[in-house]
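J.: One structure, as structure tokens, below. Some questions next.
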Amino acid sequence: MTAHHDLAAPLIRRGRGPMTLFGAAITPVDGGSRGTMTSGPWMTGPDGSPNSAALGVLIDDTLGRATSAHRPDELWPVTTELSVDYTAPPPCDGQTIQSECSVVSAQPTGVLVSGTVRDDADRTLALATLRSRFTTTVPRDLQELFTPDATTAPTTAALPEPRRESEPPYRESLLAMLDASLEVDGDTASLRVPGREILTNASGVMHGGIALCATQLAASHWLRPEDGMSLASVRISYLRALEITGETRFVARVVHGGRSFRLIEVVSHGPSGKPGTVAMVAGYSGPTSASV
């Protein structure tokens with residue numbers, strides 16, 4: 001599961017690394033949230049073509065933050081499922097990519113949110129839905145921010161400042177952004193992401209958008225435009241937090257490798273060895289689908 005904290009209350013002083021790395025900014029609005037990100041040549045996958053994995057942090061943060069406005073007192077939203085349907089590859093020419101979302105349903109146990117991602121030409125790049133559940137587990141770094149009788153937001157004076165990690169001096173590709181490596185062996189690919197604080201959320205574990213990005217990169221070997229294939233969708237479930245005390249492996253396995261339709265299962269394992277995320281990534285052939 002990936003945790004999201006209340007943007008309306010000033011809880012996010014930590015965990016801004018992924019947003020800084022990807023150049024994303026999120027703003028709360030009535031009934032939801034909006035985000036922006038500037039595109040660039042770094043939004044390319046292992047084959048050098050525009051890769052929708054670059055939208056992972058923007059999508060996760062935009063939709064995840066909207067759930068926080070509906071959290072009951074002293075409960076915290078964590079993402080359990082995130083589904084994304086892609087309709088076009090992202091631009092890499094400096095355009096501003098915009099995201100927005102609204103709450104579909106808010107229940108005492110969790111929230112369902114939907115959103116879209118568009119480019120400067122108002123072309124739809126992705127449609128996404130996120131389901132979160134509320135938990136009583138408060139991140140340790142935030143517990144002390146609450147006064148004994150607090151019911152909403154903590155005081156801002158006590159907010160801890162994040163430890164800083166320098167942004168990598170390179171931004172030529174998504175693999176370089178994550179400092180990751182991709183190995184392919186038959187019908188299996190393994191993306192290795194080293195543990196770095198810049199990839200964490202406010203709880204100090206791997207950001208859900210980073211996990212989404214890495215999942216798609218792991219599956220991208222079988223969805224290359226040069227092979228006539230293109231990314232269609234990703235359905236990812238967050239089972240448990242991915243610690244960053246060591247390397248995280250995203251292992252992609254071909255479930256169905258047809259000529260017109262391909263289905264890839266991607267499972268992540270953190271230092272504990274237990275699965276953190278499980279995803280199904282689908283791709284189609286033909287020029288009408290989105291390219292990875």
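J.: Please list, ordered by first then second residue, the pairs with beta carbon atoms under 6 Å, 6 or more apart or interchain, first in the stretch 183-205 and surrounded by fewer than 16 Cβ atoms within 10 Å (Cβ to Cβ) and assigned to a loop (DSSP other than H, G, I, E, B), second of a type outside the set (Phe, Trp, Tyr) and at pLDDT 95 or above.
T.: 187/254; 194/247
J.: Is it fair to say residue 220 is buried (at least 20 other Cβ atoms within 10 Å of the Cβ), of a type in the set (S, T, N, Q) and in a loop (DSSP other than H, G, I, E, B)?
T.: no
J.: Tell me which residues, restricted to the stretch 253-279, are surrounded by 17 or more Cβ atoms within 10 Å (Cβ to Cβ) and small (Gly, Ala, Ser).
T.: 268, 270, 276, 279
J.: Hey, another quick one. Within the stretch 45-101, how many residues turn out to be at pLDDT 95 or above, of a type in the set (D, E, K, R), open to solvent by less than 40 Å² (accessible area, probe 1.4 Å) and more than 12 Å from the chain's Cα centre (by Cα)?
T.: 0
J.: Report yes if some residue within the stretch 138-157 is modelled with pLDDT of 95 or more and among the hydroxyl-bearing types (Ser, Thr, Tyr); otherwise report no.
T.: Checked the stretch 138-157: no residue is modelled with pLDDT of 95 or more and among the hydroxyl-bearing types (Ser, Thr, Tyr).
J.: Take the residues in the stretch 225-255 that are modelled with pLDDT of 90 or more and either in a helix (DSSP H, G or I) or of a type in the set (D, E, K, R) (or both), then tell me which one is nearest to residue 135 (Cα to Cα).
T.: Here the answer is 240.
J.: Residue check: is residue 279 within 27 Å of residue 20 (Cα to Cα), part of a strand (DSSP E or B) and touching a helix residue (DSSP H, G or I) at 6+ places or on another chain (Cβ under 8 Å)? It would help to see each step written out before you state the result.
T.: Working: within 27 Å of residue 20 (Cα to Cα): yes; part of a strand (DSSP E or B): yes; touching a helix residue (DSSP H, G or I) at 6+ places or on another chain (Cβ under 8 Å): yes.
So residue 279 fits the description; yes.
The values are calculated or read from the model by the stated rules, or taken from the named source; none is laboratory data. This one's a predicted model, so the numbers in the text were calculated from it and none came from an experiment. Glycine also receives a Cβ, built like all others from the backbone with ideal geometry; neighbour counts cover every protein chain displayed. Ligands, DNA and RNA are stripped out before the accessible areas are found, and what is left, the full protein with its side chains, is counted by its heavy atoms. Shrake-Rupley method; radii C 1.70, N 1.55, O 1.52, S 1.80 Å.
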